[in-house]
Amino acid sequence: MSHPAPGHPAPVQREPILNLPAVIVWLTAVLALIQGGRELLSAYDDYVLLSWFAFVPARLSLWLAPERLEEMVSAVASSSAGQNVADRLQLVRLLLADGGPRLWNLLTYGLLHGSWVHLITNVVWLAAFGSPVARRLGSGRFLSLMGLSTIGGALLHWFARDLDVLPLVGASAAVSGATAAAIRFVFAPGLRFGSLADDAVVRAIPAEPLGELWRNSRAMLFIVIWFATNILFGSGLVPILGEETSIAWEAHIGGFLVGLLLFPLFDRGATRR
């Protein structure tokens, strides 16, 4: 072991400004590259891309119940007041297309975003709450939980809007799942948030059993604020600056519930008994 020479101070260890797990950095880079690539596409080509990789609830519904096609067309026509219904239906045909339900859309929609603001918001939230979860679970289990949260978000969104033809995009359901997973251990009594950048510390924090989580006042306050914020913005009661599209709050809640409930299946850290 080396020691500083007599009379010379020990060198100061500098922490990197962004001390993020590698999986968070790589995931952010992939999402940014996809969004940047879409900027190079024409409007038509981007719409075709959405038809292949975004999640369209009506497509899954019509695959399960083809007889509901007329009901869906009527819903589109009634929601197109003041618009060219023929043009709207043409876009719907492009979105639904042929080729079955395209079940991979339950996952791939999470790689697309409606705008750079949408992407940046998700990335910031992912860095804050996904980082401690990634440190605790490791890359493989972390990505598995994110994937299941993405699917859970799509399914709850479909359940709530089964004939909706608007494509669902965004990593928000996955980020919501990571946020819920983090709640299981980041609000442990006496924990300083600054220590969450240390892998060993994060893995040693006892995770709260679901039955005990409701007794943690900080965790419960965060959950109440999270649900209230999502419902307020998602219902349109509070407008979102710089965004013209609506928030799919059902998908957020679906991802959140998956992360909250399935976290113990992936966790290998300490557990509070």
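The values are calculated or read from the model by the stated rules, or taken from the named source; none is laboratory data. From a predicted model like this one, the values you see are computed outputs, not experimental measurements. Quick reminder, even Gly has a Cβ in these numbers, built from the backbone with ideal geometry, and neighbours come from all protein chains shown.
Yes or no, residue by residue, for (1) surrounded by 13 or more Cβ atoms within 10 Å (Cβ to Cβ); (2) closer than 23 Å to TYR109 by Cα; (3) at pLDDT below 75:
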{"residue": "GLY170", "(1), (2), (3)": "yes, yes, no"}
{"residue": "ALA188", "(1), (2), (3)": "yes, no, no"}
{"residue": "ILE223", "(1), (2), (3)": "yes, no, no"}
{"residue": "GLU250", "(1), (2), (3)": "yes, yes, no"}
{"residue": "LEU257", "(1), (2), (3)": "yes, yes, no"}
{"residue": "PHE263", "(1), (2), (3)": "yes, yes, no"}
{"residue": "THR271", "(1), (2), (3)": "yes, no, yes"}
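Check LEU210, LEU143 and return the single one that is in contact (Cβ under 8 Å) with a residue 60 or more places away in the chain, surrounded by fewer than 22 Cβ atoms within 10 Å (Cβ to Cβ), among the aliphatic types (A, V, I, L, M) and more than 29 Å from MET72 (Cβ to Cβ).
Only one candidate passes the filter, namely LEU143.
May I ask you to list the residues in the stretch 157-168 that are buried (at least 20 other Cβ atoms within 10 Å of the Cβ) and over 19 Å from HIS118 (Cβ atoms)?
TRP158, VAL165
Pairs needed: first member in the stretch 260-273, of a type outside the set (A, V, I, L, M); second member anywhere, modelled with pLDDT under 70; C-beta distance under 9 Å; at least 6 residues apart or different chains.
PRO264/THR271
Taking GLY236 as meeting all but one of (1) modelled with pLDDT of 90 or more; (2) out of contact with any helix residue (DSSP H, G or I) (no Cβ under 9 Å at 6 or more places or on another chain), write down the number of the exception.
In the conditions (1) modelled with pLDDT of 90 or more; (2) out of contact with any helix residue (DSSP H, G or I) (no Cβ under 9 Å at 6 or more places or on another chain), GLY236 misses (1) alone.
Mind checking which residues of the stretch 29-48 are touching a residue at least 12 places away in the same chain (Cβ under 8 Å) and surrounded by fewer than 20 Cβ atoms within 10 Å (Cβ to Cβ)?
VAL30, ALA32, ILE34, GLN35, ARG38, TYR47, VAL48
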